[in-house]
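The next block holds one structure in the form of structure tokens; read it before the comments.
Since every read-out is calculated from the coordinates, none of them should be taken as a lab result. Note that the structure is predicted; figures quoted are calculated from it, not measured. Using ideal geometry, Cβ is built from the backbone for each residue, glycine included, and neighbour counts are taken over all protein chains shown.
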Amino acid sequence: MINKAELKNRAIPYRMLSDVISNTSEIAVRILPEDTMPSFRIGAELINNVLSRNMEKISEGLPIVGYHFSLPAEFLNCFDCVPICMEGVSYYLAALLHNGVEKYYDMMNSWGHPFHTCTSQKGAMGMTLDNLFDFDAIVCPTAPCDSTCGSYQFFSSFKNKIPLTIIDMPFIHGEDSYRYYANQIKNGLINLGKVIGQEPDFEKLKSYIEMENEVQKLRLEIFELIKAVPSPIENMYNPISAGTQIFIAGSSENLIFYKNYLEITKKRYKKKEHYGGEEKIRSIWPYMVTFFDVSLCEWLDRELDMSILFDIFNYNFSDPINTKSDLDEMFLGMAKKSMGIPMVRQSTDFYDVFIDDCVRMAKEFSADCFIYTNSIACKQFGSIPKILREALRDEVGIPMLIIDFDAGDGRMTSLNTFKERISMFVQTLL
Amino acid sequence: MRHFKLSLQNDPFLEIAKSINNPYIEKSDKKVIGYYCTYLPEELFHAANLFPFRIRATGNDETELADIYMVRFTCSYVRATLDLALKGGYDFLDGLAICNSCDHTRRMFELFDYKVFNREGYKKEVPRFYAALPHVITDESYEWYKNEMIELKGELEKAYNITIKNEDLINSINIFNKNRRLLREIHELRIQKFPKISGTEALQISIANSSVPKEIANQELERILNILKGSESIKNNAKRIMLVGSIVDNLDFPRLIEDSGATIVSDFLCFGTRNFIDDIELRPGGDPLDDISRRLYFRISCPRMMDDHKRRLEFLKDEIIRAKIDGVLLQRINNCDLHGCDNMLFEHELKELDIPIINIDRENSMEDKTRLQTRIEAFLEMINK
């Protein structure tokens, strides 16, 4: 007889995440005024729905597949499995647990994982080392960074021996690259299916992809509305939207989230309303927000009247994936989408694309400044800020603040340091 | 503490490893193409009548200029290389070929585009070539790699207005195979019970070998081999160390290890064994560019290849036994994620061999020499021999 409780223990951090989202959501609903952080209220509830449903599937014994965030989650809906985003679990637990996931970072550092690698993986690695995860398989593209390529080998090596399916992504963009990567995705999914004992159902996958095509349209509508002054989104939308893409893409809940949030955005747009009062400064964060404490987003809205128009998870939307033609065409669209995820795109292409994107968006979105959070782990992005700053100064006439940080660990650059530095920067703008 | 009779001390060929410029660059009637890294086909450059020069940072401990563009989380070796280029250290290049070896180097070469070749007063037109390497070793990905090499060949022909014929490629393959054979022969003298060459000297030879025309290098290697064969073996009690990890082109580092009471009898480094352990298999009637590509792609990999850790581990284990290694020194330049993660796994996996292991981080400039010396000496002391 299946012992559901035991099976549930195969993904303890995922259960922790489900619990902490549920609790935080409840606190937010019960304590905060009704009009605060709607993106969080809607998003947390919907994410929790999906996580709870997945916990049920885990307790029924469905295979658990860990995946890297650069593989859109809905692609794994060709299986009956529970997909768990390694980076998502690390960073959303970092955001929501009182002490983050520092314990697991430290555990991995002690085990020999270099201090300069990405905490988004380090967290999940530490949890695996601590036997909190029991993955049936892991699937990972070879992008966007060395930290990914280096760290994921941990799961398949040494004591873990978790079957690792690697999908090779070319570090150059163009039709040849997309076709190659399309094939890699297809073969990767077939291979993953062999590992978990299932045939990928690509017909079933189509419906999920179509749903995400709808989501993309809604996201694009919201994105267009952000061009308005004042911006009709609240800053918290950025980490929550990243979360929905990571945790609930391919579910009806994701569609509901963006439908509901688009309505809120439209209402604000029509009334020229801005969340948190007056919008004094419009900022673009070409990299990430502080996942170790996302309350910074709300603080910027309330205390500094600074909008975060978008971060690296919330711009650049690929074309809808064609599901009406043949499978090859669908995989080509999947490849383009996967390689078009901003962090992936900017890492696997040359500087020019990133700088051109930033300059163009700075103009289109009437940005007053950029805030470049420079991660210790992202070596791809560590050589860009100075050149980007020059380009923004020369071509747009706006300044950029650079802050070194670890996106998932506040011990490197604390929330207070962020607040102080941004406050001082803002004084130079007003 | 010096353990070797200094048969190669001040040898002009080994001296080449101590700086970037060398007399052969000035004398060369061929265009010089800088390349990075070993996944690019030297044989192809040679067949294109170019002089392939391996990009490095030797002799430059500073990173001040590079630090303007690259943050402190970037590898100090890469920053030193860029710094050198920004100072004009690579102005002799007539071409530059790069690939996505690692995040640091790929971005560094983009900065070459933006800031080195575009700097004020620099007028030379330097053709640039980029090859996108796969991160896995599979037949399907080999096809991608091979196509990249075919494209690179076409781009070289166009840029330098030449035609690269199969005969040229075969000729280059023969020259380079001979070069690898000579390096292997030298390596055999290094791993024997009483070595005839130190690890520092072997590294110097390997670096110099990548900095001069291969015809010259082959003559020099033959000369050195003759010297070594005629020289006495060194009979001492130095600990036999295998050096593994990030690129080493600063000779102070291996010298520090050897001066602490060790001999680096083997290695797993960019400039080391990985480069010469195997030859190109020329298949009769086959496509020589395919033969070149096959060797580069399928040979023992560096940690950038994400699915090949197991083979790297096996290589280490075999070499530890073959070279009768007493201890393994794993090292990485700070911020090198690839070697850092590979070393992390090696450190645990090699324990089954019951061999002493140390895993250290360092900076390219050796500014932390005293710290390193303390750790290395302590490590060597704990090795029972």
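Is there a simple number for the mean count of other chain Cβ atoms within 10 Å of the Cβ of residues in A:261-268, and what is it? Write down the numbers at each step before the final one.
Working: counts 0, 0, 0, 0, 0, 0, 0, 0.
Average per residue, whole number: 0.
Order by neighbour count: A:Thr148, A:Thr428, B:Thr138, B:Thr74, fewest other Cβ atoms within 10 Å first, most last.
A:Thr428, B:Thr138, B:Thr74, A:Thr148
Taking neighbour counts of Cβ atoms within 10 Å as a proxy for exposure, in what order, fewest first, do A:Met288, A:Met107, A:Met306 appear?
Taking fewest neighbouring Cβ atoms as first place, the list is A:Met107, A:Met288, A:Met306.
Rounded to the nearest 500, what is chain B's calculated 222 nm mean residue ellipticity when only DSSP H runs of at least 4 contribute -39500 (n - 2.57) each, over all residues?
Using -39500 (n - 2.57) per qualifying helix, the result is -14000 deg cm²/dmol.
Quick one: which residues, 5+ away or cross-chain, put their amide H under 5 Å from the amide H of A:Ile403? H built at 1.01 Å from N.
HN-HN under 5 Å from A:Ile403: A:Tyr372, A:Thr373, A:Asn374.
Please give the contour-minus-distance gain from A:Asp19 to A:Glu273: 0.36 nm per residue of separation, less the Cα-Cα distance, rounded to one decimal in nm.
Contour length minus the Cα-Cα distance gives 88.1 nm.
Can you give the average number of partner chain beta-carbon atoms within 10 Å of each beta-carbon in peptide A:365-377, as a whole number?
If you average over the peptide's residues, the count of other-chain Cβ atoms is 1.
Whose amide H sits under 5 Å from the amide H of A:Cys369, counting only residues 5 or more places off or on another chain, with H placed in the peptide plane?
HN-HN under 5 Å from A:Cys369: A:Arg282, A:Ile284.
For a quick check, take a GNM of chain B with Cα springs below 10 Å and name the residue from B:Lys153, B:Lys27, B:Lys239 with the largest mean-square fluctuation.
Result: B:Lys27 has the largest fluctuation of those listed.
Taking beta carbons within 10 Å but only from partner chains, what does the mean come to for residues A:163-169?
4
In whole Å, what is the distance between the alpha-carbon centres of the range A:372-399 and the range A:158-217?
32
If I take R0 = 25 Å and measure r between the Cβ atoms of A:Lys280 and A:Thr417 in this structure, what FRET efficiency does the formula 1/(1 + (r/R0)^6) give, to the nearest 0.05?
Efficiency at R0 = 25 Å is approximately 0.70.
List every residue whose amide H lies under 5 Å from the amide H of B:Phe268, counting only residues 5 or more places away in sequence or on a different chain, with H placed 1.01 Å from N in the peptide plane.
B:Leu243, B:Val244, B:Gly245
How large is the helix-only mean residue ellipticity at 222 nm for chain A, computed as the sum of -39500 (n - 2.57) over DSSP H runs with n ≥ 4, divided by its residue count, in deg cm²/dmol to the nearest 500?
Helices in chain A give a 222 nm mean residue ellipticity of -16500 deg cm²/dmol.
Cα gyration tensor of chain A, axes a ≥ b ≥ c as square roots of the eigenvalues: rounded (a/c below 1.5), prolate (a/b > b/c) or oblate?
rounded
With r as the distance between the Cβ atoms of A:Leu327 and A:Leu429 and R0 = 35 Å, compute the FRET efficiency 1/(1 + (r/R0)^6) and round to 0.05.
Values: r = 51 Å, r/R0 = 1.46.
My answer for the efficiency is 0.10.
Using the structure shown, list the pairs from A:Lys161/A:Lys186; A:Lys386/B:Lys27; A:Lys159/B:Lys369; B:Lys30/B:Lys153; A:Lys336/B:Lys146; A:Lys227/A:Lys259 with a Cα-Cα distance above 29 Å, or answer none.
A:Lys386/B:Lys27; A:Lys159/B:Lys369
Report, as a whole number in µm² per second, the diffusion coefficient that Stokes-Einstein gives for the range B:36-128 at 37 °C and 0.692 mPa s using the Kirkwood radius over alpha carbon pairs. Mind dumping the intermediate values first?
On the way: Rh = 13.7 Å.
Stokes-Einstein gives a translational diffusion coefficient of 240 µm²/s.
Using only the alpha-carbon atoms, how far is helix A:38-59 inclined from the longest principal axis of chain A? Give it as 0 to 90 degrees, nearest 10.
On a 0 to 90 degree scale, this one is about 10.
Listing A:Met108, A:Met211 from the residue with the fewest other Cβ atoms within 10 Å to the one with the most, what is the order?
Neighbour counts put them in this order, fewest first: A:Met211, A:Met108.
Give the angle, between 0 and 90 degrees and rounded to the nearest 10, that separates the Cα long axis of helix B:199-209 from the longest principal axis of the Cα atoms of chain B.
Tilt of helix B:199-209: around 10 degrees.
Just grab the label-to-label distance for A:Leu32 and A:Phe202, each label 7 Å out from Cα along the Cβ direction, in nm (one decimal).
In this crude label model, A:Leu32 to A:Phe202 measures out at 4.3 nm.
Output wanted: per-residue J couplings in Hz (rounded whole) for the range A:228-244, from phi through Karplus 6.51 cos²θ - 1.76 cosθ + 1.60, θ = phi - 60°, x for Gly and Pro.
Couplings: 5, 10, x, 5, x, 9, 8, 4, 5, 4, 4, x, 6, 4, 4, x, 5 Hz.
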